[in-house]
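*Asks:* My questions all concern the structure below.
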Amino acid sequence: MVFRKLKGAASTPARYTRGVRRLNSSGIERSRLAWALTQPRLVQTARAEDSCLLCRAGQVNEAALCPVCQTMLSDEESRLAERWMNGVGP
Ligand SMILES: [Zn+2]
């Protein structure tokens, strides 16, 4: 897929590519964190960008959460986050 797209890359608007890759620039809503922790694509993208799922701060851990947000997780959220930190995944 990538290789086939290379030829037409110049005519593909950069805006479209960014729109697909970027998450909400202000982070996700707190109420959606448990859901987000079950979405490998969200977690992995945030981790690759070193950008906390909730507040977009850096120094995120394996669950894509910064040290501050990590301390405010509910029981369910920390259980999901721990699965990422143990390498189990969602
Ligand atoms: Zn954070």
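Where a number appears in this text, it was derived from the coordinates with a stated rule and is not lab data. Everything numeric in this text was worked out from a predicted model, so none of it was measured. In this analysis, Cβ positions are derived from the backbone assuming ideal geometry, glycine residues included, and neighbour counts consider all displayed protein chains.
*Asks:* Kindly evaluate VAL88 against the criterion of being surrounded by fewer than 17 Cβ atoms within 10 Å (Cβ to Cβ) and of a type in the set (Val, Ile, Thr).
*Replies:* Values: surrounded by fewer than 17 Cβ atoms within 10 Å (Cβ to Cβ): yes; of a type in the set (Val, Ile, Thr): yes.
Considered against the rule, which asks whether it is surrounded by fewer than 17 Cβ atoms within 10 Å (Cβ to Cβ) and of a type in the set (Val, Ile, Thr), VAL88 comes out as yes.
*Asks:* Sticking with this one: For ALA64, only one of the following conditions fails: (1) in a helix (DSSP H, G or I); (2) within 11 Å of the ligand (Cβ to nearest atom); (3) touching a helix residue (DSSP H, G or I) at 6+ places or on another chain (Cβ under 7 Å). What is its number?
*Replies:* (1)
*Asks:* Let me ask something else about it. Scan ALA48, ALA57, ALA64 and give me the residue that is within 11 Å of the chain's Cα centre (by Cα), aliphatic (A, V, I, L, M) and surrounded by 13 or more Cβ atoms within 10 Å (Cβ to Cβ).
*Replies:* Answer to the selection: ALA64.
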